[in-house]
Amino acid sequence: MFTVRQRDALRERVLRLGEDDDRVVAGAVVGSLADDGGDRFSDLDLTFGVADDAVVADVLDDWERTLADEFDAVRLVELERGPTTYRVFLLPDALQLDLSMTPAARFRPAGPRFRLVFGESAPGASEIVTGDLFIATPTVAADIFGWGVIYALHSRACIERGRVWQAEHYVGTVRDHALSLACLREGKTAGQGRGYDDLSAETLARFEGTHVGTIEPETLWTALAASVRALLEEGAQAPVPNAQVVAERLAELL
């Protein structure tokens, strides 16, 4: 697993990318690390305001190449919410980076955990975004796989923190994303679990250990390992780009 030193080094490098890029006018730390509320299991969340005459996607593409070259980062998912575009990356030692960018005219705090590092946020009221009950996921193998990986990392952090009910939720979500990938592979309906019961007996047999029987940590770890194993197997068969790299970085969860 990554160290706090690795995470801090990544934070400083990405913030420096922002300060050195003329297209970027502001940068902030968001999430649990913005107010010193994080711990050694926290991922890194950074957000930036992009000049209104620049294209956010172009800046993200350039930075993604830099992150791949310097940190061997691979993208898991991309998400657009309001004016903000998010890209989530997985680095070696299972370090997760959530990188987001917003046009400068609408670069404001989207929640209470927002610490401006350089530049200025846009004037006006904060654009508080209320989270959805579930994050919409396209029925596309790469997206299903990427979100499954993110939930696997969330599962680990919750178990380590003793948040067992939240961990149980995330472990089940990892399993569901693996089952959805299996549905795509076998030509069954992937949405809302409608095709699960139609999967082959051989496929379903691989999921027997993924159910959480109790919320004891040992049981959660066992179910998480089985769910991650199924997710990685389905990602490899899809095949999802970088599935093998991701598998190597999640090896400690197996």
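Being touching a residue at least 40 places away in the same chain (Cβ under 8 Å) and surrounded by 13 or more Cβ atoms within 10 Å (Cβ to Cβ) narrows it down to one of Ala94, Ala73, Ala54, so name that one.
Checking each option against the conditions leaves just Ala94.
Exactly one of (1) at pLDDT 95 or above; (2) part of a helix (DSSP H, G or I); (3) open to solvent by 50 Å² or more (accessible area, probe 1.4 Å) is unmet by Gln192. Its number?
Every condition holds for Gln192 apart from (1).
Scan region 230-240 and give yes if some residue there is in contact (Cβ under 8 Å) with a residue 24 or more places away in the chain, assigned to a loop (DSSP other than H, G, I, E, B), within 18 Å of Ala94 (Cβ to Cβ) and touching a helix residue (DSSP H, G or I) at 6+ places or on another chain (Cβ under 9 Å), otherwise no.
Yes, the conditions are met somewhere in region 230-240.
If I ask for residues that are assigned to a helix (DSSP H, G or I) and surrounded by fewer than 21 Cβ atoms within 10 Å (Cβ to Cβ), which ones from region 209-225 would you list?
Selection gives Gly209, Pro217, Glu218, Thr219, Trp221, Thr222, Ala225.
Looking only at region 31-51, how many residues end up being buried (at least 20 other Cβ atoms within 10 Å of the Cβ) and at pLDDT below 95?
2
Per-residue answers, yes or no, for (1) of a type in the set (Phe, Trp, Tyr); (2) surrounded by 17 or more Cβ atoms within 10 Å (Cβ to Cβ); (3) in contact with a strand residue (DSSP E or B) (Cβ under 7 Å, 6 or more places away or on another chain):
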site	(1), (2), (3)
Val88	no, yes, yes
Pro109	no, yes, no
Arg115	no, no, yes
Ile150	no, yes, yes
His154	no, yes, no
His177	no, yes, no
Cys183	no, yes, no
Glu186	no, no, no
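Being open to solvent by 30 Å² or more (accessible area, probe 1.4 Å) and within 17 Å of the chain's Cα centre (by Cα) is the filter; apply it to region 1-29 and report the residue that is farthest from Gly119 (Cα to Cα).
That would be Met1.
What is the residue count in region 233-248 for residues that are of a type in the set (A, V, I, L, M, F, W, C) and open to solvent by 20 Å² or more (accessible area, probe 1.4 Å)?
Selection size over region 233-248: 4.
Search region 183-209 for residues being touching a residue at least 12 places away in the same chain (Cβ under 8 Å) and within 21 Å of the chain's Cα centre (by Cα), and hand back the single one that is nearest to Glu234 (Cα to Cα).
Going through the qualifying residues, I end up with Ala190.
Somewhere in region 118-136, is a residue buried (at least 19 other Cβ atoms within 10 Å of the Cβ) and among the aromatic types (Phe, Trp, Tyr)?
Checked region 118-136: no residue is buried (at least 19 other Cβ atoms within 10 Å of the Cβ) and among the aromatic types (Phe, Trp, Tyr).
The values are calculated or read from the model by the stated rules, or taken from the named source; none is laboratory data. It should be emphasised that the depicted structure is a prediction, and the values quoted were computed from it without experimental measurement. Positions of Cβ are generated from backbone atoms using ideal geometry, with glycine treated the same way; all protein chains shown enter the neighbour counts. Ligands, DNA and RNA are excluded from the accessible area calculation, which covers all protein heavy atoms including side chains. Shrake-Rupley method; radii C 1.70, N 1.55, O 1.52, S 1.80 Å.
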